[in-house]
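Below you'll find the structure, written out as structure tokens, and then a few comments.
The values are calculated or read from the model by the stated rules, or taken from the named source; none is laboratory data. For clarity, every value in this text was computed on a predicted model and none was experimentally measured. Note that each Cβ is placed from the backbone with ideal geometry, even for glycine, and that neighbours are counted across all protein chains shown.
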Amino acid sequence: MNNLKQLKGIHHVTAITSSAKEIYDFYTNILGMRLVKKNVNQDDLTTYHLFFADDRGNPGTDMTFFDFSGIGPHQKGREDISRTGFRVKDDKAIEYWIKRFEHYDVKHDPVIEMFGHKAIYFEDFDKQQYAIFSDENNTGIASGEPWHKGPVPDEYAITGLGPIFLRVSSEELIEKVLVEVMKMKETKSDGVFKLYEMGEGGNGASVIVEINKDLPEARQGYGGVHHIAFRVEDREHLDAWEAYFNKLGLPNSGFVDRFYFKSVYIRLYPNILFELATEGPGFIDDEEDYENLGEKLTLPMHLRHKREYIESQLPDFDTVRSTKTFEKEYFDK
């Protein structure tokens, strides 16, 4: 296993929302990210699975959501995927997002500098925690592309996922998990935060760890993250990691076909779920082309015979955008 290829970076983050419709409105109209799949949770056919990403749904750009019914709010704490990062082109884009958040009354903090990059912390209506990182002077794995027909000007748009935050109580265990098992490298330290990078590194291949022994253990709910997925190139790369986990005696899901990508799930640290996901085949498929991604409920092949039942369980809401024009919004004042 000495020749095991490194993980390439962040693939996607999956979180929980209190409202599929409201999270669609927030991501579409405020964050300016494109809904590339309006899907069903393949393990719970009464729950949406919405995929927001860049213009084409490239790997490393998608933030996805479940809307589990009857679930309570996320209890923030330790042993948690505590914050999701996004990427923008440069520091000028960070200035733009301050103005955009103020215009739309989105709760946010002042601009900070973190590991050499300007960043903004903010949250959505569920108090889901996010950050936007500037790619100015960034190196490493490339980002995606803006949603060209969205409301945010291309030069300021979110182009992909940035550093993902973990808040944990055991520095020793998380170090073992990320470095010894997942083959990441600790590259920087800043107060209570440590930066770990994989593959080519950079904002799209980073995990930021915060050590906190004081908070209670986090409890899953809306406004929190369900799991984080790391990028592998293809099925061969995925199989090699599964074989590696098995050789180490680490329980995992085994191969799972998610239709839009192939996966393996593993829990190496209490309360935190990791997924490894392939870069393809992607979201442009036999049901949708580039122009109408995310505009109708699509289903993976093995669930299409259950469409009538699934549609009866999911309250429909309008996600058609190909007939709409979003004016690019500038905030000069």
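Can you list residue pairs whose Cβ atoms sit under 6 Å apart, with the first residue in the stretch 255-270 being within 12 Å of residue 235 (Cα to Cα) and the second being part of a loop (DSSP other than H, G, I, E, B) and at pLDDT 95 or above? Count only pairs 6 or more apart in sequence or on different chains.
Listed pairs, sorted by first residue: 264/253.
Can you name the residue in the stretch 204-247 that is under 23 Å from residue 9 (Cα atoms) and among the polar types (S, T, N, Q) and is also farthest from the chain's Cα centre (by Cα) among such residues?
The extreme case among them is 246.
So, residue 322, is that one part of a loop (DSSP other than H, G, I, E, B) and surrounded by fewer than 16 Cβ atoms within 10 Å (Cβ to Cβ) or not?
So residue 322 fits the description; yes.
Of all residues in the stretch 177-214, how many are over 22 Å from residue 271 (Cβ atoms) and at pLDDT below 95?
Residues meeting the conditions: 2.
Considering only the stretch 171-184, state which residues are of a type outside the set (A, V, I, L, M) and in contact (Cβ under 8 Å) with a residue 12 or more places away in the chain.
171, 183
Scan the stretch 67-88 and give yes if some residue there is of a type outside the set (A, V, I, L, M) and under 17 Å from residue 25 (Cα atoms), otherwise no.
Within the stretch 67-88 (the criterion being of a type outside the set (A, V, I, L, M) and under 17 Å from residue 25 (Cα atoms)), the answer is yes, since at least one residue qualifies.
Please go through (1) out of contact with any strand residue (DSSP E or B) (no Cβ under 8 Å at 6 or more places or on another chain); (2) at pLDDT 95 or above for residue 70 and return the number of the only condition it doesn't satisfy.
(2)
Which is in contact with a Lys or Arg (Cβ under 7 Å, 6 or more places away or on another chain) and either at pLDDT 95 or above or buried (at least 17 other Cβ atoms within 10 Å of the Cβ) (or both), of 238, 248, 268, 276?
After applying the criteria, what remains is 238.
Can we say residue 9 is crowded, with 21+ Cβ neighbours inside 10 Å and within 19 Å of residue 149 (Cα to Cα)?
No.
Which of the strands (runs of 3 or more DSSP E) contained wholly in the stretch 213-302 include at least 1 residues that are among the acidic types (Asp, Glu) and in contact with a Ser or Thr (Cβ under 7 Å, 6 or more places away or on another chain)?
In the stretch 213-302, 272-281 are the strands (runs of 3 or more DSSP E) which contain 1 or more residues that are among the acidic types (Asp, Glu) and in contact with a Ser or Thr (Cβ under 7 Å, 6 or more places away or on another chain).
So which pairs qualify, if the first residue must be in the stretch 37-58 and closer than 16 Å to residue 258 by Cα and of a type in the set (Gly, Ala, Ser), the second must be at pLDDT 95 or above and not in a loop (DSSP other than H, G, I, E, B), the Cβ gap must be under 8 Å, and the two must be at least 6 apart or on different chains?
These pairs meet every condition: 57/34; 57/36; 57/37; 57/51.
So which strands (runs of 3 or more DSSP E) stay within the stretch 19-67 end to end and still have 1 or more residues that are crowded, with 24+ Cβ neighbours inside 10 Å and of a type in the set (Ser, Thr, Tyr)?
Once the strands (runs of 3 or more DSSP E) in the stretch 19-67 are filtered for at least 1 residues that are crowded, with 24+ Cβ neighbours inside 10 Å and of a type in the set (Ser, Thr, Tyr), what remains is 44-53.
Find all pairs meeting these conditions: Cβ atoms under 7 angstrom apart; at least six residues apart or on different chains; first residue within the stretch 95-118 and within 18 Å of residue 137 (Cβ to Cβ); second residue among the aliphatic types (A, V, I, L, M) and assigned to a loop (DSSP other than H, G, I, E, B).
Final answer for the pair search is 118/111.
Could you check how many residues of the stretch 115-168 are buried (at least 24 other Cβ atoms within 10 Å of the Cβ) and out of contact with any strand residue (DSSP E or B) (no Cβ under 8 Å at 6 or more places or on another chain)?
So the count comes out to 1.
When you check residue 296 against the structure, is it under 23 Å from the mean Cα position of the chain (by Cα), over 16 Å from residue 54 (Cα atoms) and modelled with pLDDT of 95 or more, yes or no?
Considered against the rule, which asks whether it is under 23 Å from the mean Cα position of the chain (by Cα), over 16 Å from residue 54 (Cα atoms) and modelled with pLDDT of 95 or more, residue 296 comes out as yes.
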